[in-house]
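All remarks here apply to the structure that follows.
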Amino acid sequence: MTNTDPVILGALDRATQDFSAISDVVERLIHEVSELDPTTYDTVHLDAVRAAIGFRLLADGTFSGEYAGALSSPWPRTIDQVGPDALPVWAAYADAAASPVVRAHLHHLLTAAKANRPHVHARAAITAYRDAVPTFQAADTISTRARAAESLVHALGLARGMNQKDLIGPVVTDIVTMVEDMLDTAPPALGLLHRLLDVLIAANADSATVSALIERAVTASENDIVLHHAFLGLLRRLGVDDVGRKAVDRRIVAAMIDTAEKKRTGMPSLLLFNDAATKAQQAGLTDLAEQARKKMQAMKVQNLGIAVSRMPLQLTPAERDTALVEVDQARTLAEALWRIGAMPAPAGTDAEAERAARAVMPNAPLTTVIPRGSVNPGGPVPTAPASTDGLENTKAIYRKIAILRAGLAFEVQLDRVWERFAPSVEDLVAVLDCAELGTVSRTKMLARAFKFYSTGEDDDASVHLAVPRVEALAREIMRGRGVPMLTVAQGATNGGVVQLGTLISNMEKIGFDEDRRYSFALAFTDGERGLNVRNDVCHGLIDCPPRPVVALVLQAALHLLAVAHGVISLSAPAASATSGPSS
């Protein structure tokens, strides 16, 4: 049997007087020992105690060591690597230490290390954790109240994990008493209440008792929407059947709608209504889902509190000259248009975006880590959950800026086409006409889109004529290369033809590269990170897009036409052209 060093034990007990956290003990212990003669105590014991106190209990129930050691052999970071000589030293101090907090920590550590008779150490740790609660409560600070609650959580975890059935009940009783005391205190510590009630549910404590406590917590948290919903979520976990759970779901959704109405805080209210509608749909609460949707659509976009920030973009003189060279070197109208159509993918490449993102992120940390989502103003309704992926968010910003700057280049190129060639609608029809465009009437529609654009005053007419032709062109190009363009009727769903989003997702199947596919998606159908021109224009959700964006649409049409005319050759298909559409 290993005995404690009385000098070290005395220093440890002095270091643990009136302390609030186990992490404070090491520094205090070092201070106590620094005033002693090193020849009067066992340095091996001191090193072992410092190492033990340096092991932190993590949220997943494991320990992580932080002390490297002051002697020849370093201490490991994981408890399973601790040598057998240290365990008897820890056990001696675990039994002799005056502080229940230290005793609980050391016995818990010995349990995790699977020391001799670990169930004995587990029982000792449980008892010490319960004894530590009054110590922490006496200090009556936010941190010590939290540590008192965590002591009981650790005690219950050990009792259940080590199958000490006779100790589970007393610890549960302690937790119930603590919860009742918290609920009787104004204001109650709602976060700690949720933590303790969650533990009681996991331990299968008496459901009637726990349910009553949760109902009190629900009432106490009415002004804290996050925890109010969290407590209702705990109540749902107690539901014994689908009927009971659905009743709680109704309460949760109703509370979300009520909170969103009361707050009237613009965007936060919209997001809360959206969450309520989503949860109601998932729970089969059609009446509440409809109610939430009606509340959303009654909101005005101008009242959402959205701050509009505009980034002025322009081409450098060199970039403008480079863009114009493409048109100036053309000998004919057709050559000028095909040169514009063959320009590189306007959103750039993924590799370029990643290099740029990694370069900018260290210099703009706040901008790059803010979650980014999107709202459809026609609802208004969130179109996608906000992403927290900083790298992907920054890449998306880079590629959106890239495509908008490409639009500036296409704008000056198209303007130069009219300066040089001043084509009529008939001239344009002669160049653009192909089987993929279909009838002469449809070809004239696209030709007039270019003609309207040339005036500088009819961009709205131009974009409304051009967008449907882009979709039709993409469809016919893929049809001609064997990609199925039809969806058959199924039940109450009618048959039809696939639309632009699916067409774009299938572009790689017939040899378009990924960067071109991404550029088309970013320009036409990406409602989360892109311009979403097709949906916004065709569904009447926006005013006329800026002139460079209309130029992007016309360039996309020219690119598809160059493919249809054989001016641009596609690479080998990335997948079988006979496979069906992805959606």
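Taking the range 143-258 as the region of interest, the helices (runs of 4 or more DSSP H) fully inside it that hold 1 or more residues being acidic (D, E), open to solvent by 40 Å² or more (accessible area, probe 1.4 Å) and out of contact with any strand residue (DSSP E or B) (no Cβ under 8 Å at 6 or more places or on another chain) are 165-183, 190-202, 207-220.
Among the conditions (1) surrounded by fewer than 18 Cβ atoms within 10 Å (Cβ to Cβ); (2) touching a helix residue (DSSP H, G or I) at 6+ places or on another chain (Cβ under 9 Å), A345 misses just one, which is (1). Assess whether P268 counts as being open to solvent by 60 Å² or more (accessible area, probe 1.4 Å) and either part of a loop (DSSP other than H, G, I, E, B) or in contact with a strand residue (DSSP E or B) (Cβ under 7 Å, 6 or more places away or on another chain) (or both). It is false that P268 is open to solvent by 60 Å² or more (accessible area, probe 1.4 Å) and either part of a loop (DSSP other than H, G, I, E, B) or in contact with a strand residue (DSSP E or B) (Cβ under 7 Å, 6 or more places away or on another chain) (or both).
Evaluation of A318 against the conditions (1) buried (at least 17 other Cβ atoms within 10 Å of the Cβ); (2) out of contact with any Lys or Arg (no Cβ under 8 Å at 6 or more places or on another chain) shows that the sole unmet condition is (1). Taken over the range 449-506, residues that are in a helix (DSSP H, G or I), open to solvent by 20 Å² or more (accessible area, probe 1.4 Å) and β-branched (V, I, T) amount to 1.
Here the helices (runs of 4 or more DSSP H) wholly within the range 333-443 that include at least 3 residues being more than 26 Å from L272 (Cα to Cα) are 333-341, 350-360, 390-421, 425-432. Would you mind finding the one in A208, A186, A247 that is over 28 Å from the mean Cα position of the chain (by Cα) and under 18 Å from R145 (Cβ atoms)? Just a single option satisfies the conditions, and that option is A186. Between a first residue in the range 340-369 that is at pLDDT below 90 and a second residue that is surrounded by fewer than 16 Cβ atoms within 10 Å (Cβ to Cβ), which pairs have beta carbons less than 6 Å apart while being 6 or more apart in sequence or on different chains? Pairs found: A357/L391. Going through (1) modelled with pLDDT under 90; (2) part of a helix (DSSP H, G or I); (3) more than 44 Å from the chain's Cα centre (by Cα) one by one, L36 falls short only on (2).
The residue list A230, A220, A202, A212 contains one member that is at pLDDT 90 or above and touching a His at 6+ places or on another chain (Cβ under 6 Å), which is A230. Of the residues screened, A139 is not one that is within 36 Å of the chain's Cα centre (by Cα), in contact (Cβ under 8 Å) with a residue 24 or more places away in the chain, surrounded by fewer than 20 Cβ atoms within 10 Å (Cβ to Cβ) and farther than 23 Å from P6 by Cα. Filtered by the rule that a residue be over 13 Å from T455 (Cα atoms) and in contact with a Lys or Arg (Cβ under 9 Å, 6 or more places away or on another chain), the range 399-424 gives R399, K400, G407, L408, A409, V412, Q413. Just give me the residues in the range 30-48 being surrounded by 14 or more Cβ atoms within 10 Å (Cβ to Cβ) and in contact with a helix residue (DSSP H, G or I) (Cβ under 6 Å, 6 or more places away or on another chain), in sequence order. Answer for the range 30-48, where residues must be surrounded by 14 or more Cβ atoms within 10 Å (Cβ to Cβ) and in contact with a helix residue (DSSP H, G or I) (Cβ under 6 Å, 6 or more places away or on another chain): E32, V33, Y41, H45, L46, A48.
For the range 71-103, filtering for residues that are part of a helix (DSSP H, G or I) and not basic (K, R) leaves 17. With respect to the stated conditions, K400 fails to be free of Cβ contacts under 8 Å to residues at least 40 places away in the same chain and surrounded by fewer than 21 Cβ atoms within 10 Å (Cβ to Cβ). Counting only residues that are farther than 23 Å from R14 by Cβ, touching a helix residue (DSSP H, G or I) at 6+ places or on another chain (Cβ under 9 Å) and of a type outside the set (G, A, S), how many does the range 49-70 have? So the answer is 3.
The values are calculated or read from the model by the stated rules, or taken from the named source; none is laboratory data. Please read all numbers here as calculations on a predicted model, not as lab measurements. Note that each Cβ is placed from the backbone with ideal geometry, even for glycine, and that neighbours are counted across all protein chains shown. Surface accessibility is based on the protein's heavy atoms, side chains included, excluding ligands, DNA and RNA. Shrake-Rupley method; radii C 1.70, N 1.55, O 1.52, S 1.80 Å.
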